[in-house]
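One structure is given here, and the rest of the page talks about it.
The values are calculated or read from the model by the stated rules, or taken from the named source; none is laboratory data. Quick caveat, the model's predicted, so the values are computed rather than measured. Here Cβ is always computed from backbone atoms with ideal geometry, including for glycine, and neighbour counts include all displayed protein chains. With ligands, DNA and RNA removed, areas are computed over all heavy atoms of the protein, side chains included. Shrake-Rupley method; radii C 1.70, N 1.55, O 1.52, S 1.80 Å.
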Amino acid sequence: MDIALPSVSQVEAYLARYGHLSGKELLRPFVAGDYPGRTALVSSFGTDSSVLLHMLSELAPATPVVFVNTGRLFGETLRYRDQLVGMLGLTDVREVGPEPMRIDAEDPEGLLFAKDPDRCCHIRKTLPLNRAIQPFDAWITGRKRFQAATRANLQPLEMVEGKMKINPLYDWSQADVDGYMERHGLPHHPLREDGFLSIGCMPCTDRVAPGEDPRAGRWRGKDKTECGIHLPSNVPANAMDGI
Ligand code: SF4
């Protein structure tokens, strides 16, 4: 098959060729195979993040890893990031965050998460991420179908906003994740044993009760299930112009 940079038809061709794969085998052609584009892994260094980071460390440890530090993360997440990066020998971790001028203008008291969480996610997550992935043709996400009803139809590969999204864990279960971490001796996020199954920013992350969706603790009590970085209406990076 001819390989070319992503377009809708190319992603369909990749799906025909690789869509039956998952996990490391789906990751391989895009980070250590014949894919000609530039690919980055976007990681939150959350509860399941070590799986993809470990796969990457085995296939291509110099692959860029993008980490969005919103400025509202748990200290445990930052320490877990440092632990995993050192342990796995990842050599290109790029931390990005919101523009200070924009925070000063729109969230000087740090309470925007309560007043307008969509706007808060937009300036603290979506815009920095869009800037960071600008140089890449494809990015890898850790999303899984089982995590929430909104992700039940997640595909292995997608074309969104001109870039290919690679979802190597799309069909994995929590047992698959836990089994992988155990087999490879990967440490758990320190908050997991305290009931946090999906971890984002401190003000918007709650513990999850038995039987709830793993993401039920995110923006609990608000009409919001995603931060916006995985929505098709994701605003392009040039929206950064002028605040
Ligand atoms: S998760 Fe909460 S604190 Fe973090 S960017 Fe979104 S609204 Fe703001």
Considering the range 196-222 alone, what residues qualify as being more than 13 Å from Q174 (Cβ to Cβ) and either among the basic types (K, R) or in contact with a Gly (Cβ under 7 Å, 6 or more places away or on another chain) (or both)? F196, I199, T205, D206, R207, R218, R220, K222
State the number of residues belonging to the range 191-210 that are open to solvent by 60 Å² or more (accessible area, probe 1.4 Å) and within 8 Å of the ligand (Cβ to nearest atom). 1
Give me the residue from the range 72-94 that is within 15 Å of the ligand (Cβ to nearest atom) and surrounded by fewer than 17 Cβ atoms within 10 Å (Cβ to Cβ) and, out of that set, farthest from A40 (Cα to Cα). G75
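Residue-wise test of (1) within 16 Å of the ligand (Cβ to nearest atom); (2) open to solvent by 40 Å² or more (accessible area, probe 1.4 Å); (3) over 15 Å from S22 (Cβ atoms).
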site	(1), (2), (3)
G110	yes, no, yes
A114	yes, yes, yes
D118	yes, yes, yes
K125	yes, no, yes
P156	no, no, no
M159	no, yes, yes
L186	no, no, yes
Report the residue count in the range 168-184 for those that are open to solvent by 50 Å² or more (accessible area, probe 1.4 Å) and outside any helix (DSSP H, G or I). 2
